[in-house]
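Worksheet: the structure to be examined is printed underneath.
The values are calculated or read from the model by the stated rules, or taken from the named source; none is laboratory data. What you see is a predicted model; the values in this text were computed from it and never measured. All Cβ positions, even for glycine, are placed from backbone atoms using ideal geometry, and neighbour counts span all protein chains on display. All accessible areas refer to the heavy atoms of the entire protein, side chains included, with ligands and DNA or RNA removed. Shrake-Rupley method; radii C 1.70, N 1.55, O 1.52, S 1.80 Å.
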Amino acid sequence: MRFHLQVQGGAGARSVALDAASEAEAIRQAARNGWRVLSIAGAPAGAGIGTGAGTAGGLAGAAAAARGRQPLPLLQFSQELLALLEAGLNLGEAMATLHNKEGRAGARATLAAIRLALQQGQSFSDTLAGFPAVFPDLYVATVHAAERSGNLPEALARFVAYQLQFDAIRKKLVSAAIYPTMLLAVGTLVTLFLLGYVVPKFSVVYESSGREIPWLSQMLLAFGQSLAAHPWLCLAALGGTVAALVLGLGNAALRARLVLAVLRLPLLAAKAAEFRLARLYRALSLLLHAGIPLSKALAMSGAMLLPQQREQLLRARRAVEQGLPFSAALEQNGLATPVAQSLLRVGENTGRLGDMLERSAKFHDEEFARWVDWASRLLEPLLMTLIGVVIGGVVVLMYMPIFELAGSLS
């Protein structure tokens, strides 16, 4: 049968036609040619098309269920699958167990399609590649390499450790940001209450007294009166701001842009680059331990870097392919910290490059965690000081005419 594939390779995306006995075999042929399959169209009428169509139909149905948000938690799936495989179940029995216990509709549809594809003879890695919203390229490549070596549990264990370490750093960042965010929210609400409710009350008293008040106090009172005169407009503006923040944080693309903008700040840019390098080292270690060649691992790891770093990684990959040592290639292209450079040289000399990459990532993750603790401890008192200055300034400006009146009476 002839299959028409949309593939991506070194020359970019293009269409190719392959003759194969099944859809799975066509995908494997494309992988052997170094192509990544983006889509596949089944053969015309003929024997064996039922298998390809059934697999494609199951994958399409699950992909539709996955559209919008991730239907299957990757880390939980990997942990449960690892536990079942280590208990002695084969892959088919493990997938059947996961499917039977799953209660969420989206996850159940995905697991059902995976079971169907496995029953029809498709490889596990090829099946997972049909769900890019759930299984990233790094995961699929790790599973594909484990299929060749016959050690899927070890590969899953390494990926679980990789993901747990990344999640721990992310949770630390979220925890460090919660208290400053609450401080800003409470400080903003208190300031708006003073300006919109308390300041107008004082302005009525000062206007009835007929005395001249300081210029700064006049500005504050005029602003407070404007807020009090348009309460619904102010509430609508506040609600719109909150809704925009919620929608922006809920949209993955906008959230990514916001994060990139924040990470370009002078104080954060260096640490953000170092954190991404640590992720690169850990991903390369995972791929090398799975048996993937270094050049291919470098090509697969660029997605987790910033655009500028991706260009540096591309140049480093070309240097490695031309025979330059890996440590020297990273150093020449600015992708090796001093600690990583020393460890990678040891790894090249001892044949333990994967282990040294893991040690480099662990060192930088621990250093990043200490920096997050230090930054959060410094940011909290700074924010409290800022909020105190703002609220104190409003209060002082409100009472300044009273202070002047008391001074004149004395």
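Could you tell me which of rounded, prolate or oblate describes the stretch 267-366, using a ≥ b ≥ c as the square roots of the eigenvalues of the alpha-carbon gyration tensor, with rounded for a/c under 1.5 and, failing that, prolate when a/b is larger than b/c and oblate otherwise?
Rounded, since a/c falls under 1.5.
Rounded, prolate or oblate, given the Cα gyration tensor of the stretch 74-162, with a/c below 1.5 counting as rounded?
Rounded, since a/c falls under 1.5.
To the nearest 0.05, what FRET efficiency results for residue 16 and residue 119 with a Förster distance of 30 Å applied to their C-beta separation?
Numbers: r = 28 Å, r/R0 = 0.92.
E between residue 16 and residue 119, to the nearest 0.05, is 0.60.
Give the calculated FRET efficiency between residue 257 and residue 311 to the nearest 0.05, with a Förster radius of 25 Å applied to their Cβ-Cβ distance. Show your work: numbers first, answer last.
On the way: r = 20 Å, r/R0 = 0.80.
Plugging the Cβ-Cβ distance into 1/(1 + (r/R0)^6) gives 0.80.
Please report, as a whole percent, how much of the solvent-accessible surface of the stretch 267-366 comes from carbon and sulfur atoms (probe radius 1.4 Å).
Solvent-exposed carbon and sulfur of the stretch 267-366 make up 54 percent of the total.
Could you work out how much longer the chain between residue 399 and residue 219 gets when fully extended? Use 0.36 nm per residue separation minus the Cα distance between them, nm to one decimal.
63.5 nm
Give me a comma-separated list of calculated 3J(HN,Hα) values for the stretch 124-129, in order, Karplus coefficients 6.51, -1.76, 1.60 applied at θ = phi - 60°, integers in Hz, x for any Gly or Pro.
With the stated coefficients, the stretch 124-129 comes to 5, 5, 5, 5, 5, 5 Hz.
Evaluate the distance, in nm, between pseudo-label points positioned 7 Å from the Cα of residue 147 and of residue 380 along their respective Cα→Cβ axes.
About 5.0 nm separates the two model spin labels.
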